[in-house]
1. Going by amide H atoms built from the backbone, whose H comes under 5 Å of the H on V118, apart from near neighbours?
2. Pull up all non-local amide H partners of K172: gap of 5 or more, or a different chain, and H-to-H distance under 5 Å with H placed in the peptide plane.
3. Can you tell me the dipole magnitude for the chain around its Cα centre, using point charges on the Cβ only (Lys, Arg +1; Asp, Glu -1), in Debye to the nearest 20?
4. Can you give the extra length, in nm with one decimal, that the chain gains between K138 and K2 once fully stretched, where that is 0.36 nm per residue apart less the Cα-Cα distance?
5. Rounded to a whole number, what % of the accessible area of segment 2-76 do carbon and sulfur atoms account for, probe 1.4 Å?
6. How much net charge surrounds D64 when only the other residues with a Cβ under 12 Å from the Cβ of D64 are counted, with Lys and Arg +1 and Asp and Glu -1?
7. Output ³J(HN,Hα) for segment 23-29: one whole-Hz value per residue in order, computed from phi by the Karplus curve 6.51 cos²θ - 1.76 cosθ + 1.60 with θ = phi - 60°, and x for Gly and Pro.
8. Compute the distance from the alpha-carbon center of segment 99-150 to that of segment 6-70, in whole Å.
Amino acid sequence: MKNKLIKAIADMNEDEAMNLVQAMLDAGEDPQMILDAASQAMVVVGDRFNAQEYFLPELIIAGDMMKAIGEMVKPRLRLQAVETKTLGTVLIGTVAGDIHDIGKDVVTFMLEVNSFKVYDLGVDVPAATFVAKIKEVKPDIVGLSGLLTLAFDEMKRTVEAINEAGLREQVKIMVGGAIMDESAARYIGADAYGPDALSAVTLAKGWTA
Ligand code: B1M
């Protein structure tokens with residue numbers, strides 16, 4: 001069913017995709033696997049966009065499907081969570097110039113169900129806003145999300161701004177988003193790269209243990 005779901009999303013068959021997700025949930029499939037399948041479909045959509053088989057409307061439909069699937073699996077993911085005391089505070093946002101928020105929202109949700117207090121600044125967040133909010137809420141961790149190539153330099157600027165404000169030693173900085181990797185994290189001056197939501201949670205737990 002997983003491959004069918006990837007194909008249905010990638011082919012823009014919205015009704016079929018939603019029916020498949022519901023059937024998978026009813027069959028007790030792992031909700032994380034369903035999210036992974038939807039993310040894999042997003043890669044196919046991106047490839048088709050690059051190949052000019054798809055255009056902006058398809059990106060928008062794909063984004064809507066991804067969000068709807070996220071909402072469908074959230075209750076099941078929440079059931080898997082183990083209640084504990086708050087492990088730490090995370091400030092997260094998609095950096096300036098970038099409005100992709102689906103992955104950031106998944107990361108935010110996974111951090112919340114794993115007992116982190118998360119302040120989500122939303123999308124297109126300027127460096128100065130990150131700095132102001134760090135001063136206000138004093139997070140343990142700052143998470144920068146971005147999916148566009150331009151996000152590399154914006155994240156670097158954001159880390160520099162945090163440094164110039166004298167706040168760099170107070171926070172761990174994590175970056176993530178489809179195009180990021182370890183070398184991007186080094187270029188940006190972050191402490192770590194989170195390839196997916198679960199690794200973001202693992203990193204955060206490691207820093208606050
Ligand atoms: Co856009 N888009 N998009 N898009 N979009 C990409 C990113 C792109 C790769 C598609 C492609 O060309 N192949 C490409 C970027 C190319 C580049 O710069 N390298 C692209 C482009 C070009 C654009 C526009 C410029 C298109 C245009 O207007 N001509 C435009 C830019 C707008 C802007 O931001 N200024 C644009 C717009 C959009 C929509 C608004 C239509 C929509 C987003 C809707 C939304 O977010 N609300 C959209 C979509 C849906 C995509 C694709 C198809 C899917 C993205 C997605 O949601 N993936 C994407 C193709 C792709 O990614 N291959 C594409 C699913 C999501 C769960 O994965 O976000 O990677 P992801 O998150 C993962 C991990 O990366 C990680 O955990 C998440 C869960 O596992 N993670 C973190 C994410 N953030 C993290 C933070 C962490 C740790 C881990 O710590 C802080």
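1. So V118 has HN proximity to V90.
2. For K172, the qualifying residues are I141, V142.
3. I would put it at about 720 debye.
4. Extra length from K138 to K2 when fully extended: 44.8 nm.
5. 52
6. -2
7. Once θ is set to phi - 60°, the couplings for segment 23-29 become 5, 5, 5, 4, 7, x, 5 Hz.
8. Each part's Cα centre sits 24 Å from the other's.
The values are calculated or read from the model by the stated rules, or taken from the named source; none is laboratory data. These figures come from a predicted structure and were not determined experimentally. No Cβ is skipped: glycine too gets one built from the backbone with ideal geometry, and neighbour counts run over all protein chains shown. Areas reflect the complete protein model, heavy atoms only, side chains present, ligands, DNA and RNA absent. Shrake-Rupley method; radii C 1.70, N 1.55, O 1.52, S 1.80 Å.
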